[in-house]
1. Evaluate the relative contact order of segment 203-305 (contact order divided by residue number), counting alpha-carbon pairs under 8 angstrom at least 6 apart; express in whole percent.
2. Note the direction-averaged projected area, equal to a quarter of the hull surface, for the Cα convex hull of segment 278-390, in nm².
3. Rounded to a whole number, what % of the accessible area of segment 134-187 do carbon and sulfur atoms account for, probe 1.4 Å?
4. With r defined as the distance between the Cβ atoms of residue 359 and residue 236 and R0 fixed at 35 Å, what FRET efficiency is calculated, to the nearest 0.05?
5. In nm, what is the difference between 0.36 nm times the number of residues separating residue 9 and residue 243 and their Cα-Cα distance?
6. Quote the FRET efficiency, to the nearest 0.05, computed for residue 366 versus residue 16 with a Förster distance R0 of 60 Å and r equal to the Cβ-Cβ distance.
7. Rounded to the nearest 0.05, what FRET efficiency do residue 332 and residue 295 have when you use their Cβ-Cβ distance and R0 = 41 Å?
8. Give the average over all directions of the projected area of the C-alpha convex hull of segment 149-295, one decimal, in nm².
Amino acid sequence: MVEMDWPSSLNEYDKLVIRMNTPRVVIDNAVCPTATLVTVDSARRHGILLEAVQVLTDLNLSIKKAYISSDGRWFMDVFHVTDQNGNKLTDESVIRYIEQSMGSIHYGRTNGNNGLTALELTGTDRVGLLSEVFAVLADLQCNVVEAKVWTHNGRIASLIYVKDCDSGCPIEDSQKIDRIEALLRNVLKGDNDIRSAKTSVSMAVTHTERRLHQMMFADRDYEWKPILKCSDDCPIVTVQNWIERGYSVVNVQCKDRSKLLFDIVCTMTDMEYVVFHATINTAGDRAYLEFYIRHTDGTPISSEPERQRVIQCLQASIERRASEGVRLELSAEDRPGLLADVTRTFRENGLNVTRADISTEREMAVNEFYVTDAIGNTADSKLIEAVRQKIGLSNLKVKELPMICHKNVESEEQPVGVGGAVLLSLGSLVRRNLYNLGWIRSYS
């Protein structure tokens, strides 16, 4: 057996507990006719739920239902998952990967250096900002290999992975790093963002989307007022205390989408809350999530300001990945300055990038942009076609947004509505699920 590298914070007793309770993973395609069941049974620790969900979302799997429970030092998850096409998991390599990854989540796996330099940027969003950032990087001979950009409530967060254009190696020269940071900070500051614009350079590799949540949370994007808000898709979040059991009960109702559970659990973990029990359900294009949480010190939410902050932060976690605008896909041979040229064309035609996912595959740039007009409205189709003409019709294509629709849902499986639910019925719902699955011996 390969010797594991234990985190220095673990004492010998903790190591023994982990050895005795190595996560047990069972993947079952026979129980449910419409989804694959992934069951994880392990010793409990803070952050383990996030790591389990992250394994599934990194594979772009959809979580249709989930039941989560902790009893003392024990933790169990049951996830109902499908692939992107709504089918059960049949690829043996995917199943093996889930089993191996879930079975090692206790060991605090860390990412090594992937040969790239990571640039972290946060600040005030504005039309054309991304084109200025990529222009600076092109001038400094930085080749953008991967990047993700999120915007929310007028704020922007971006994690950009670069290497030196000439050597193809990470950028390690301290003077060049200082210059990159200074120039990007000036771009982010613009005329009116002197205090909140932040840049940093790192050689470490982190989970990109996990880090973006942390960056926007630290930037307090949830406190900023949105420029435009679509009320139809605004997530509903309620928080109540179940005093008898010492839990805070968080209910979320919103439009279902990919990676929704991951985004919510990321924020709960960053806010130092522990999920003890939860049920997740989807019906049609709606998602219904219920969490029983406490602080890491074992106490529930204790004040009205804290309750309001939890609501704001969870709404922000859902909205950050919202697919606002027309989705454009760029596929072209990679070259120095490609992103600077493409985003400059967007800017010159009044298109604002609300989200971007940039990657390089075998010398090909495969990029995805969500764009709106300058004030956040849907971009005019003629304007989109004009931009496509300039960049290349074969290179830049308009992609339809995926529609999540599950028609064959039995009426008795419809979850309880969040807005009008009373606390007693919420408690009964979770207790019934936990008793049926045999996860807890007693709730009294």
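The values are calculated or read from the model by the stated rules, or taken from the named source; none is laboratory data. Quick caveat: nothing in here was measured; it's all calculated off a predicted structure. Positions of Cβ are backbone-derived with ideal geometry, glycine not excepted, and every protein chain shown enters the neighbour counts. With ligands, DNA and RNA removed, areas are computed over all heavy atoms of the protein, side chains included. Shrake-Rupley method; radii C 1.70, N 1.55, O 1.52, S 1.80 Å.
1. With pairs under 8 Å counted, the relative contact order is 25 percent.
2. Over all viewing directions, segment 278-390 projects a mean Cα-hull area of 11.6 nm².
3. 42
4. In this case the efficiency is close to 0.55.
5. Once the chain is fully extended between residue 9 and residue 243, it gains 80.9 nm.
6. With R0 = 60 Å, the Cβ-Cβ based efficiency is 0.85.
7. Efficiency, rounded to the nearest 0.05: 0.25.
8. 12.1
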